[in-house]
Amino acid sequence: MRVMPDTNIIISALMFPDSKPAEVLTRIASRHEMVLSSYLINEVESVLRLKYPKLLPAAQELFSTMSFELAVESDQADVVIADPKDQPILDAAVSGEADVIVSGDKHFKNLDIKRPKVMSPSEFLVLE
């Protein structure tokens, strides 16, 4: 299965190594194909630089050692999300043919789409 973790999942995993988001990242990396985008990676690094600079080296190491496919954000949105900052992530998930987006963001949870399916960390972890 092709899975895209949202920015909040990656940041939470870095902040709390024993959390559900950390378990989600581990499970994606070990059992699925991870899909990321340049926008998502840049957003993670920007948030960490501003709010949690001590975690930036861990994020950079994670991105340099983790296996993932880099999806390109599309210019043409088939589905529009309420928060414009989430649009490039949704567009990349669609263009990268992700089956699932794992997110704790309410804007993703309020989407009415079949693919990619949007799941919370808890929903994703009980999927298997």
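For segment 1-57 versus segment 89-128, the spacing of their alpha-carbon centroids is 14 Å.
Largest GNM mean-square fluctuation among SER12, SER64, SER46, using the chain with Cα springs under 10 Å: SER64.
Note on LYS51: accessible area is roughly 140 Å² with a 1.4 Å probe, heavy atoms of protein only.
Placing unit charges on the Cβ atoms only, positive for Lys and Arg and negative for Asp and Glu, gives the chain a dipole magnitude near 360 debye about its Cα centre. Rg of the Cα atoms in segment 67-108, relative to 2.2 N^0.38 Å, amounts to 1.11.
Once every DSSP H run of n ≥ 4 in the chain is given -39500 (n - 2.57) and the sum is divided by its residues, what mean residue ellipticity at 222 nm do you get, rounded to the nearest 500 deg cm²/dmol? For the chain, the value works out to -14500 deg cm²/dmol. Only protein atoms count toward the accessible area here, which uses a 1.4 Å probe; on the chain, the carbon and sulfur part of that area reaches 52 percent.
For the chain, a Gaussian network of Cα nodes joined below 10 Å ranks ALA71, ALA58, ALA13 by mean-square fluctuation, and the top entry is ALA58.
The values are calculated or read from the model by the stated rules, or taken from the named source; none is laboratory data. All figures in this text were calculated on a predicted structure; none of them were measured in a lab. Note that we place each Cβ from the backbone using ideal geometry, even for glycine, and neighbour counts take in every protein chain shown. Areas reflect the complete protein model, heavy atoms only, side chains present, ligands, DNA and RNA absent. Shrake-Rupley method; radii C 1.70, N 1.55, O 1.52, S 1.80 Å.
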